[in-house]
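Visitor: To start, I am sharing the structure in question, which I have written as structure tokens.
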Amino acid sequence: MLLYFYGYIVFFYSLTLMISYVTLLILSYRYSTRYLRWTDDHIRHSVDSSPYVPGVSIVAPAYNEEKTIVDNVQSLLRQDYPNFEVCIVNDGSKDKTLELMIENFDLIEVPYEYVHRVGCAPFKQMFKSTNPKYSRLTVVNKVNGGTKADAVNAGLNVITNPYFINTDVDCVLSRDAIYQCIFPTLQDHSIIAVSGTMSMSNGSRYEDGQLVDIRPPRQLIPLFQDLEYKRSFLIGKMGWSEINAMNNVSGGYGLFKTDVVVAAGGYASDSFAEDMDMLTRMIGYCCEQQIPYRVVQIPHTCCWTEGPSTFKILRRQRVRWGRGLIQHMHKHTYMMFRRKYGRLGMLTFPYVILYEFLAPVIEFLGLLTLIYLIFTGGVNWNTFWVMFGAVYLFSMMLSSFVVFYDYLCGGSYNSNRGYWRLLGAALIEPFLYHPFIVCFSIRGYINYIMGTRAVWGEMTRTGTKKN
Amino acid sequence: MIIYICEKSSIFAPEIEKTTIFSTKMSGVLLNIVEGAYAEFYGLDVFLYYIYSIRTWMQEYSWQVRLSYAIILACIVTMIVLMFLFARNIRRRRNYEDAYEHCTKTYEEPFFTIIHDENMLTDQQIFELCDVENADDFQEYNGLLYADIITHIRMSLHNILYLPNLQRLMELTGARLALEGQLKARRDVLQTLQIINTLPLVVNEGLLAVYTSHNRKQVSQLARISHMTSSSSEPYLYFLNDMNEPHDPWYRITIHRILGWKREQNIPMPPIQMLANTCENPKMAAFLVEEISYWGTEQEKKDLYNYFEDPRVDCRLAALRSITRMGQADCEQRIMDSYESQPQVVRRAMQHALCSFHSGKYTNFFVSIYQGTPSHISRQTALECLYNYTAESRVIFEELAQSATEEQKVLFDQIRTTYQLQEKLNQNQES
């Protein structure tokens, strides 16, 4: 009887989840087609020919990045936008990250009266370049704070521009990344955050700090992640963006209004989902102060990042994300079903709990139930295969949409063949990748509940960039 | 419509008279009668038949299974449609890219030379540069393709406000006509208006009029801005009407460019100062005050000091920014006169303005601000002004630095190093 009841719950859960995905698909299509009507030429021309464009700071924390730091900084400096600065925060690296930057970018130490607008570990030094080529570069050296949030806060205390981009130093930005992100803010002054689409750089070729031959990753793990990222950005976030109910701007690449971030208290160093936490507090602040706000996702791929290529690193990353999600939910439960917090409290938060937080638990229990039923002979195999086929084909359909949207939005890859590879990955992803992600998320939840000591860990870079 | 009903048997049943069919309700009764037969349905009955078929499809299975089958069917159909659309899009894009590449190879260089030319060229000169005999030779490619190429070239010349040959080139190549055709056919209106706006291009006023009251704000805004460039009778009609509406920065950015384009051609400008005085929207008013420094008349520029006492703080700041940019030293005394009555944020802008004149009269004024203000930002501003004002004020800056505490010295060092570094960078850039 219990199993019968549970079966119905899971069936309805899956059905409503599918309906929500279809709704997001429609919303994201509406949003992306409307956004794509703005031509790149017009965006660039408006920005380039005006003295009124706002300044943008790129804040990128670096910790033990000696393998790639020089190429990465050069890549960040190669932006076409007329008014920007790059602020690298050396978060107490133990290797030669700082020395390499000093040597390669002709940096000298400059005195700086540091003001703590938002909290972070102690500031040590500030460096600026004497080379006009790197005049936009500022390097902040600080005591290691243990988290990315702490390092970004140090950058926030130094920058003066009204907008900043929070990115990772290993990310490669497209040359027009700032244009693409700043344009929505010029059209709507109430926008407090803009999320750019991200993609995997594994498998692509670099030249002169820029990606020249963009291909989908060759290895399976990054390829699955690429598909996962595209699904999340082009369907999930863009759909939510249409109804102004986005709850996360990725820590990998996002543009924020500096004063709102500072007013909301900056990034929380103790959070394992600092990006989600920051945006939630920003929205919370705007709702409490009754400031009109909008958070948007743009369909253009602005940023390429090197994804974990081994299972070990992937596990560490996803366990941390799982832990971050439950921590975030726990911390901001007070927003749930409160009209004061608008769509975030009334719609997104319940959705995230129901379909993002609970999904791995339900999937895991479902797997266990299936195994139990197989052993007890309680499976109606005909029905099983039909339902399995429906779920599998639905996931394939979502992936097909993602591929189509990506192509419509300008395309992430140089060749169309990349999309066939992505579709191929979609065929096997539900069996080879997704079950592990479910397990890692559950591990993250358990770690949080048990109070296991959390470790950020280091992402091992291959350092394949060629300058 | 003839529908063959065959659920189990493939044997044709004798045709049933229409009267029999239509005397029966469209329900299970009818289909039980005609199972294995074919029948003719008309009008609404065709739809009712299909609804019935869907309702009774796989009736013997549970609804969960039927729903799963429906999902499978829907997913397969959607994926087939998607693949078709994908292939069609790839083909279209590829065709466009090929045509664009070919057209660029032939015309990019001559177009650039024509557009970049400061003198007005004759049609014959344009034809010669493009190596064609007359305008008909341009019909080899679609006018929209030319519009795209010319827009790209315009992009690379964004620092030049007015390009005298652009309009004529657009006309000769048929690009203007093609863009007007898009507006007439209501196809890709937003993109077309963007191109018209980016160039800017003078188009048929009547075609724009359709879109000036469009229900999509972005379309109507772009059409109204384009009206400013295209209308010869009443170019500022919508600009004046929309003055008090809330506008986003993009609108102001575009207006700035259009005003510059007009100024370059000596087309009569709107009365910016008068508009700034009457505008109820403080942000728009501040923008107009700042525009005076770019496109205002000499008299308007001289009168900027009048905004020091304006009730709108944004306008005061805009006036001070304009004065600083122009280095308008005759406002020095007026700044000093109104300094005491201003809030901190305006005072800081005033300090910057005074510093930009480099007259040397107010060194002690900066010292008194540094010594008297509790605000860290004001203190920093005063020290920056002291350092940059004159050689004499820089000496005083150093004297103050010597008498400062260790904690205070950091700010002095910061300012000194920042400007020294800036000077060094400038030197390096020159060398």
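The values are calculated or read from the model by the stated rules, or taken from the named source; none is laboratory data. Not measured: the values here are computed from a predicted model. Cβ atoms come from the backbone with ideal geometry, glycine included; neighbour counts cover every protein chain shown. Just so you know, the surface numbers come from the protein's heavy atoms only, side chains and all, with ligands and any DNA or RNA stripped out. Shrake-Rupley method; radii C 1.70, N 1.55, O 1.52, S 1.80 Å.
Visitor: Would you list the membrane-span-like helices of chain B, meaning whole DSSP H runs whose alpha-carbon atoms span at least 24 Å along their axis and whose mean Kyte-Doolittle value is at least 0.0?
Guide: For chain B, where a helix must reach 24 Å along its axis and average at least 0.0, the hits are B:63-116.
Visitor: Still on this structure: Would you mind working out the magnitude of the charge dipole of the stretch A:16-148 relative to its Cα centre, with +1 at each Lys and Arg C-beta and -1 at each Asp and Glu C-beta, to the nearest 20 Debye?
Guide: The calculated dipole for the stretch A:16-148 is roughly 500 debye.
Visitor: When the accessible area of each residue in the stretch A:27-48 is compared between its chain alone and the complete protein assembly (1.4 Å probe; ligands, DNA and RNA ignored), which residues differ by at least 20 Å², being lower in the assembly?
Guide: Those residues are A:R34, A:R37, A:W38, A:T39, A:D41, A:H42, A:H45, A:S46, A:D48.
Visitor: How many angstrom lie between the Cα centre of the stretch B:87-150 and the Cα centre of the stretch A:194-220?
Guide: About 33 Å separates the Cα centre of the stretch B:87-150 from the one of the stretch A:194-220.
Visitor: Next question, about the same structure. Anything losing 10 Å² or more of accessible area from the isolated chain to the full protein assembly: pick those residues out of the stretch B:56-72, probe 1.4 Å, ligands and DNA/RNA ignored.
Guide: Listed in order, they are B:W63, B:Q64, B:V65, B:L67, B:S68, B:Y69, B:I71, B:I72.
Visitor: Test of the criteria: in the stretch B:215-306, which trypsin sites (Lys or Arg not before Pro) are in a DSSP loop and have at most 15 other Cβ atoms within 10 angstrom of their Cβ?
Guide: B:R216
Visitor: Would you please give the FRET efficiency between B:L85 and A:E103, computed as 1/(1 + (r/R0)^6) with r the Cβ-Cβ distance and R0 = 45 Å, to the nearest 0.05?
Guide: Result of the calculation: an efficiency of 0.30.
Visitor: I've got another one for you. Is the shape of the stretch B:99-184 best called rounded, prolate or oblate, per the rule: a/c under 1.5 gives rounded, else a/b larger than b/c gives prolate, else oblate, with a ≥ b ≥ c the square roots of the Cα gyration tensor eigenvalues?
Guide: Since a/c stays below 1.5, the shape of the stretch B:99-184 is classed as rounded.
Visitor: Going from most exposed to least, what order do A:K94, A:K148 have by accessible area with a 1.4 Å probe?
Guide: The most accessible residue leads, giving A:K94, A:K148.
Visitor: On to the next question. About the Cα centre of the protein assembly as shown, what is the dipole size in debye to 20, counting +1 per Lys and Arg Cβ and -1 per Asp and Glu Cβ, all else neutral?
Guide: Approximately 2960 debye in magnitude.
Visitor: On a 1.4 Å probe surface of the protein chains, which of B:I253, A:I108 comes out largest in accessible area, and what is the full order?
Guide: A:I108, B:I253
Visitor: Next question. Out of A:S93, A:H45, A:F11, whose Cα points farthest toward the positive end of the dipole of the stretch A:1-125 (charges: +1 Lys, Arg; -1 Asp, Glu; placed on Cβ)?
Guide: About the Cα centre, the residue reaching furthest to the positive side is A:F11.
Visitor: Another question about this same structure. Could you point to the residue in A:N166, A:L314, A:L398 farthest towards the positive end of chain A's charge dipole, with +1 and -1 charges on the Cβ of Lys/Arg and Asp/Glu respectively?
Guide: About the Cα centre, the residue reaching furthest to the positive side is A:L398.
Visitor: Apply the Karplus curve 6.51 cos²θ - 1.76 cosθ + 1.60, θ = phi - 60°, to the phi angles in the stretch A:251-256 and return the couplings in whole Hz, x for Gly and Pro.
Guide: So the J values, rounded to whole Hz, are x, x, 7, x, 9, 10.
Visitor: Compute the relative contact order of chain B as a whole-number percentage, counting only Cα pairs closer than 8 Å that sit 6 or more residues apart in sequence.
Guide: Normalised by residue count, the contact order of chain B is 6 percent.
Visitor: Using a 1.4 Å probe on the protein chains only, how many percent of the accessible area of the protein assembly as shown belongs to carbon and sulfur?
Guide: Of the solvent-accessible surface of the protein assembly as shown, carbon and sulfur hold 55 percent.
Visitor: At what distance in angstrom do the alpha carbon centres of the stretch A:261-315 and the stretch B:240-263 lie from each other?
Guide: If you average the Cα positions of each part, the centres end up 33 Å apart.
Visitor: For chain B, modelled as a Gaussian network with Cα springs under 10 Å, which listed residue fluctuates most, B:S220, B:S393, B:S68?
Guide: Ranking B:S220, B:S393, B:S68 by mean-square fluctuation puts B:S68 first.
Visitor: Sum -39500 (n - 2.57) across every DSSP H segment of at least 4 residues in the protein assembly as shown, then divide by the residue count to get the 222 nm mean residue ellipticity, nearest 500.
Guide: -18500 deg cm²/dmol
Visitor: Taking amide H positions as placed in the peptide plane 1.01 Å from N, state which residues far from A:E306 in sequence (5 or more) or on other chains have amide H under 5 Å from it.
Guide: A:S201
Visitor: Can you give the FRET efficiency for A:F12 and A:T333, using 1/(1 + (r/R0)^6), R0 = 25 Å, r = Cβ-Cβ distance, to the nearest 0.05?
Guide: For A:F12 and A:T333, the calculated efficiency is 0.55.
Visitor: With the contact rule set at Cα under 8 Å and sequence spacing of 6 or more, what percent relative contact order holds for the stretch A:49-121?
Guide: 36 percent
Visitor: So what are the ³J(HN,Hα) numbers for the stretch A:363-370, from phi and the Karplus equation (6.51, -1.76, 1.60; θ = phi - 60°), rounded to whole Hz, Gly and Pro as x?
Guide: For the stretch A:363-370, the Karplus curve yields 5, 5, 4, x, 4, 4, 4, 4 Hz.
Visitor: Counting Lys and Arg as +1 and Asp and Glu as -1, each charge on the Cβ, what is the dipole of the stretch A:325-415 about the Cα centre in debye, to the nearest 20?
Guide: 560 debye
Visitor: I would also like to ask the following. Quote to one decimal, in nm, the extra length available between B:L73 and B:D98 on full extension: 0.36 nm per residue of separation minus the C-alpha distance between them.
Guide: Once the chain is fully extended between B:L73 and B:D98, it gains 5.2 nm.
Visitor: Between A:V379 and B:M120, what's the calculated FRET efficiency when r is the beta-carbon distance and R0 is 60 Å? Round to 0.05.
Guide: For A:V379 and B:M120, the calculated efficiency is 0.15.
Visitor: With a 1.4 Å probe, how much accessible area is buried between chains B and A, both sides summed, in Å² to the nearest hundred?
Guide: What B and A bury together is about 5400 Å².
Visitor: Order the following by accessible area, largest value first: B:M326, A:M450. Probe radius 1.4 Å; ligands, DNA and RNA are ignored.
Guide: The ranking, largest first, comes out as A:M450, B:M326.
Visitor: Going toward the positive end of the dipole of chain B, with +1 on Lys and Arg Cβ and -1 on Asp and Glu Cβ, which of B:W295, B:T104, B:Y251 do you reach last?
Guide: B:Y251
Visitor: Now for a different question. Measure out, as a whole number of angstrom, how far apart the alpha-carbon centroids of the stretch A:13-58 and the stretch B:155-219 sit.
Guide: If you average the Cα positions of each part, the centres end up 23 Å apart.
Visitor: I would also like to ask the following. What is the set of long-range amide H partners of A:I191 at a cut-off below 5 Å, with H atoms built 1.01 Å from backbone N?
Guide: When sequence neighbours closer than 5 places are left aside, the close amide H contacts are A:R294.
Visitor: Which whole-number value in Å² is the accessible area per residue of chain A, probe 1.4 Å?
Guide: 39 Å²
Visitor: Next up: With an 8 Å cut-off on Cα pairs and a minimum separation of 6 or more residues, tell me the relative contact order of the stretch B:199-328 in percent.
Guide: In percent, rounded to a whole number, it is 17.
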